[in-house]
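These notes concern the structure reproduced below.
The values are calculated or read from the model by the stated rules, or taken from the named source; none is laboratory data. Just so it is clear, the structure is predicted and the values come from calculations on it, not from any experiment. Cβ: placed from backbone, ideal geometry, glycine included. Neighbour counts: every protein chain shown. SASA here: full protein model, heavy atoms, side chains in, ligands and nucleic acids out. Shrake-Rupley method; radii C 1.70, N 1.55, O 1.52, S 1.80 Å.
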Amino acid sequence: MTDSNHLNLVPPLVEAGLGDGLFQNGQTLGATFSPLNNSLGVFVTSAGLPDEKTHGSDLNDEQPIYFASPNRVPSSERRLFITDTLIIFSAFQNLLKTARLQDPEWIQSEQSLTMIRKLGIDYVNFIKECWIHASQPIVRPEGPLQYTSDHYRSLYTCFSLFVVLYLAEPGYEEGPVGDELMEWLNIHFIEPSTEEGDHLSALERPWEDESFWPYLTRATLRGLSKASLFFLGVLSQHPSEDLQDLTRTLAPLIDSQPRLQNFSAERDYAYSSRRWNDKVKALRIEMDRVPEEDRYDDFDNWWEKLSDIVGILEGRAEVIKRVCGELGSDWKEVCAAWGVFVDVRLRRQDLPDVVSQVLDEMPPDPTNLEDMVHATLFSGQPLQALRHASQLDLWLSAHLADIMVPLALIEADTDEDSEMSPRDHHILAYAQYLHSDPALWRITVDYMYSCDEVGKQQADEVLLRVPLRLHEQTEPSVERGIKSGDIVGVLKDINQTCFQYQREGVRRTVCRIAAQTLVNGKEYGLAVSYCTSAEDWPGLGRVVDRVLDEYIVSGPENFSQYALAIAPSVQELYDQPSSHGIFVHRLMFAVRYAHFHRLLEQQELQDASLDLIAIFHDDLAPKSWWAVLLYDSVRLLQHESALLFSSSDALGLLRKLEEVFVRTSQGSGEDYLSVLVKTIKGGGEKEAIDQLNVVRLALARYFARCTSLVSA
């Protein structure tokens, strides 16, 4: 796996061995994590305590920033592997969710173990497909594969071995394991090769070839009876009559060796194996009668070669070890042969003892991570197997650990120091690898949320930092959804994830972030929708304040456009008993005031006057806006064609005006005139009072007009 405990920067920020000089210049290396993924930004910065007597490079100079990551970002083929295996992982999590609703013993029931075994086999089959695909000699436009076919082959051998040893077919957990191990070995480590067999079968006297006896010996050791029988048949042409006689006896023995799958009961298998062993012993006696001088042909001591084959069939451990060593085999072949020939009733729980003996003489290759995973799985050491698997591929250790917990192979309890279980440790390590690619955030949090509290907290932080890209939507359907106030795109995916994992707090925070982003883009209608979804009432108040600020900054026309965009939310919020009235009240004022200006713009002055009075009557306008609304009334009061206000409504306006004057004279001008002052470019409270005096004069004339009409 491409991760490491240290990162090398190329070219280096500081040459090796020169770190002290950096500090003497008052500098040090700084680093910061990316909020987007698990990468680092590394840079030179001030050490904080520079030596006043030294003068290094100017810290104000521009310094390069290195971006480094502990992982290679998954390539396209690797992402396909990740996304497809997630399906199996999710199915396994659903199984565990079901188990939590059952009795504690249910997970160990035959029904449950059958499902776990099936999912394990699904993993194996998928890895096999990836290995086959990676092995194909095809042109790859994107360049060489990030992970070679040999890497996927290693995953294939390790996971399939895990299934063989720890996910036995229900009912066979206590049965002999030798045949299954040999089958695993033959599938993944093919020996002898097909090419060798083709070469020997083409020869007239193949026993004269130096590879003949090694081929026949290994075919017998691997249980490849067809190949063994074919070449034993060839020996019927051998010049030695003794050899011909012995092979005629040996061939039926190899062909009739008992196999567990051919018996319905282990007792019958054991009985048949004992009888078969008696026949092998009889063959040994027959071999020993061959005179010493007749044991050679013109090329080799055929008797010794045949004796090794018979020794394997007899189950002589020393012969199997020696022959495997001579053939260049390793400990795996010895262990598999042990269960086929030495101890035909070898069980899974007894295998570690055998493996321990074998490894003392034939240790695994410590530089080969695949071999170390095999050795620890054979030895019944799941934690060590996970450690080596994590070095081979974090994917492997994570998915093995996930299955090991319900099988009770590793502890499910949380470690006090790390606050994580062994399973969560490996799952989160894999999730951090996934986090190297921000596009995989959905999969990343799926793995994190499958863990306990530490994992859930990490997933929360990932969701909070997913770029929402609210202004980068290009698909027409997405854009229409946004314009209509629907939660779409990335934000919709985040919402669904939060609902799935019951992270309501995170969902609301993300909606608040979305609202802030939309406010900055002046998309106030959408911002209100997201504040409502988050039940962020103070945030809703801030959105309304920004909309009202548009009146001050951009004027009535732009304000009306922005405010009317939030109008659809008013009724929805009004119907919500949980919504905070003060903020909804402010929203209703903005919408009603925008509607008032729209009426003015459309010259519907009578309706506008009624709207203005209604805003005051319903007590919607904040006191800081009274002066602005009163000044807006001047145009309506001065309308010559008709009296737009009733006498009582005009008196209501006068009362509001007098309250503003009185409160301002008492020192509360900031509470009543602040907004009007802001609308006067470069003006202050004095200019605001001057404008209100205009309102007072307009009202006086209005009342005069009303009186003259009554007198007439």
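Some notes on this structure:
- Crossing angle, helix 302-314 versus the chain [Cα axis fit, 0-90 degrees, rounded to tens]: 60
- Rounded, prolate or oblate (a/c below 1.5 giving rounded, otherwise prolate when a/b exceeds b/c) for the stretch 512-609 by Cα gyration tensor: oblate
- Nearest-ten-degree value, helix 626-637 long axis tilted from longest Cα axis of the chain: 60
- GluC sites (Glu not before Pro) within the stretch 562-656: DSSP coil, no more than 13 neighbouring Cβ in 10 Å: GLU604, GLU640
- Under 5 Å between amide hydrogens, built in the peptide plane, is the criterion, and for GLN27 it picks out ALA47 among residues at least 5 positions away or on other chains.
- Sorting VAL677, VAL544, VAL662 by accessible area puts them as VAL662, VAL677, VAL544; the probe is 1.4 Å, largest comes first, and only protein heavy atoms count.
- Ellipticity estimate at 222 nm from DSSP helix runs (n ≥ 4, -39,500 (n - 2.57)) divided over the chain, nearest 500: -20000 deg cm²/dmol
- Of the GluC sites (Glu not before Pro) in the stretch 70-169, those whose Cβ has at most 10 other Cβ within 10 Å and which sit in DSSP loop: GLU142
- In the stretch 271-342, chymotrypsin sites (Phe, Trp or Tyr not before Pro) in a DSSP loop with at most 13 other beta-carbon atoms within 10 Å: TYR296, PHE299
- Shown here is the pair-distance distribution of the chain: with all Cα-Cα distances grouped in 10 Å bins from zero up to the longest one, the shares run 2, 11, 14, 14, 13, 11, 10, 8, 6, 4, 3, 2, 1, 0, 0, 0 percent.
- Longest segment of the chain lacking trypsin sites (Lys or Arg not before Pro) that sit in a DSSP loop with at most 12 other Cβ atoms within 10 Å: 54-288
- Coupling constants for the stretch 157-165 follow from the phi torsions by the Karplus curve (6.51 cos²θ - 1.76 cosθ + 1.60, θ = phi - 60°), and in residue order they are 5, 5, 5, 5, 5, 4, 5, 4, 7 Hz; glycine and proline get x.
- The chain, relative contact order in percent, only Cα pairs under 8 angstrom and at least six apart counted: 8
- In terms of Cα atoms, the Rg and Dmax of the stretch 542-663 work out to 14.6, 47 Å.
- Angle between the chain longest axis and helix 178-188 axis [Cα atoms, degrees, rounded to 10]: 70
- Given charges at beta-carbon only (K, R positive; D, E negative), |dipole| of the chain in Debye: 3660
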